[in-house]
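A.B. asks: Sharing a structure with you now.
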Amino acid sequence: MKYETLHHTAKQIDHLIDNYLQSRGSQFMPQEDLKKLILKDFPDFYVRDFGWHKIVFGIHKIDPIVLKVGAKRSIENDHRVYKRVPESTRHQLFARIFWHTKFCLLQQYGSPAKVTTEELNSLRAMVYKYGIFDIKAENLKRIDGDLKIIDANVTPFPLPTVWKMVDEAKPKLPNRLMLFIKKLTNPIYER
């Protein structure tokens with residue numbers, strides 16, 4: 001396993017968070033409390049970035065690598081999105097994820113990137129077929145000169161695939177059924 005010492009540290013962080021949650025009876029701890037807890041107990045860490053659901057901690061000894069810490073569901077979602085892309089193209093599109101624990105995820109992290117509209121649209125087109133959305137310029141970093149995704153979300157079904165299936169099914173439906181569907185859905189579109 002890469003970064004085994006950090007993995008041990010991540011397990012300690014998981015234990016600290018579990019203790020906090022049990023003592024407070026809450027779902028997850030506020031980001032301010034999480035930040036204080038980690039910076040107090042782990043002096044090699046510093047806050048590199050904040051997200052809606054996670055805090056990104058830089059590690060002084062290993063600069064391009066970060067430890068994302070957040071709610072269990074958020075960490076699992078990041079890992080699930082990453083694994084959704086085939087291994088042959090995964091590292092071309094995403095910043096490498098080395099491993100994750102209950103509340104922590106170790107990932108490559110690059111420098112802020114100026115992203116053109118063409119680059120953004122191209123990257124979005126490459127990942128939509130895997131049901132990945134929410135690709136924004138602020139979710140992209142330059143790693144070794146390449147533009148990579150550091151954060152994304154996923155839908156249960158790839159939207160372009162669903163749209164394609166609907167478009168293919170429409171001509172095959174009987175005319176009367178199409179009129180019935182149109183009548184049912186018309187009030188929705190008239191709002």
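The values are calculated or read from the model by the stated rules, or taken from the named source; none is laboratory data. This is a predicted model, so every value here is computed, not measured. Cβ coordinates were reconstructed from backbone atoms using ideal geometry, including for glycine residues, and neighbour counts include every protein chain displayed. Each accessible area value is taken on the protein alone, full model and side chains, heavy atoms only, with ligands, DNA and RNA left out. Shrake-Rupley method; radii C 1.70, N 1.55, O 1.52, S 1.80 Å.
A.B. asks: Ignoring ligands, DNA and RNA, please state the percent of accessible area on region 2-73 from carbon and sulfur, probe 1.4 Å.
C.D. replies: C and S atoms contribute 52 percent here.
A.B. asks: With the cut-off at 31 Å, tell me which of the pairs Lys40/Lys102; Lys35/Lys129; Lys36/Lys129 have Cα atoms farther apart than that.
C.D. replies: In this structure, Lys35/Lys129; Lys36/Lys129 lie more than 31 Å apart at Cα.
A.B. asks: A further question follows. Might you tell me the accessible area per residue for the chain, computed with a 1.4 Å probe and given in Å²? If you can, show how the numbers build up before the last one.
C.D. replies: Values: 12220 Å² over 191 residues.
Accessible area per residue, the chain: 64 Å².
A.B. asks: Which of these, Arg24, Arg48, Arg73, has the largest mean-square fluctuation under a Gaussian network model of the chain (Cα springs below 10 Å)?
C.D. replies: Sorting by GNM fluctuation, first place goes to Arg24.
A.B. asks: Here's something else I'd like to know. For Kirkwood radius over Cα pairs in Å, several values are listed as (1) 19.0; (2) 16.7; (3) 23.5; flag the one computed from this structure.
C.D. replies: (1)
A.B. asks: Please build a GNM for the chain, connecting alpha carbons under 10 Å apart, and tell me which residue among Leu106, Leu140, Leu21 fluctuates the most.
C.D. replies: Of Leu106, Leu140, Leu21, the most mobile in the Gaussian network model is Leu21.
A.B. asks: Between Glu32 and Lys102, what is the FRET efficiency for a Förster distance of 22 Å, r being their Cβ-Cβ separation, to the nearest 0.05?
C.D. replies: 0.60
A.B. asks: Suppose the chain between Thr5 and Ala125 were pulled fully straight at 0.36 nm per residue; how much longer would it get relative to their current alpha carbon spacing?
C.D. replies: On the way: separation 120, 0.36 × 120 = 43.20 nm, distance 3.76 nm.
Here the answer is 39.4 nm.
A.B. asks: Same structure again: If you stretched the chain out fully between Phe50 and Arg24, how much longer would it get, using 0.36 nm times the residue separation minus the C-alpha to C-alpha distance?
C.D. replies: Values: separation 26, 0.36 × 26 = 9.36 nm, distance 2.32 nm.
So the chain would gain 7.0 nm between Phe50 and Arg24.
A.B. asks: Using the Cα atoms as the points, what is the convex hull volume per residue of region 39-146 in Å³? Write down the numbers at each step before the final one.
C.D. replies: Values: hull volume 11.7 nm³, N = 108.
Dividing the Cα hull volume of region 39-146 by its residue count gives 109 Å³.
A.B. asks: Find the all-direction average of the projected area of the Cα convex hull for region 89-142, expressing the result in square nanometres with one decimal place.
C.D. replies: About 4.3 nm², averaged over all directions.
A.B. asks: Let me ask another. To the nearest 20 debye, what is the magnitude of the charge dipole of the chain about its Cα centre, counting +1 on the Cβ of each Lys and Arg and -1 on the Cβ of each Asp and Glu?
C.D. replies: Magnitude of the dipole: close to 720 debye.
A.B. asks: Can you compute the modelled spin-label distance between Thr117 and Asn175, with each label point 7 Å from Cα toward Cβ, in nm?
C.D. replies: Using points 7 Å along Cα→Cβ, the separation is 4.2 nm.
A.B. asks: For a quick check, take a GNM of the chain with Cα springs below 10 Å and name the residue from Pro43, Pro171, Pro64 with the largest mean-square fluctuation.
C.D. replies: Evaluated over the chain, the most mobile residue of the options is Pro171.
A.B. asks: So what does the Cα-only Debye profile of region 13-98 read at q = 0.12, 0.15, 0.24 Å⁻¹, as log10 I(q)/I(0), no solvent term?
C.D. replies: Reported log10 I(q)/I(0), two decimals: -0.42, -0.63, -1.24.
A.B. asks: Subtracting the Cα-Cα distance from 0.36 nm times the residue separation, let me have the gained length for Glu138 to Lys40 in nm, one decimal.
C.D. replies: 32.4 nm
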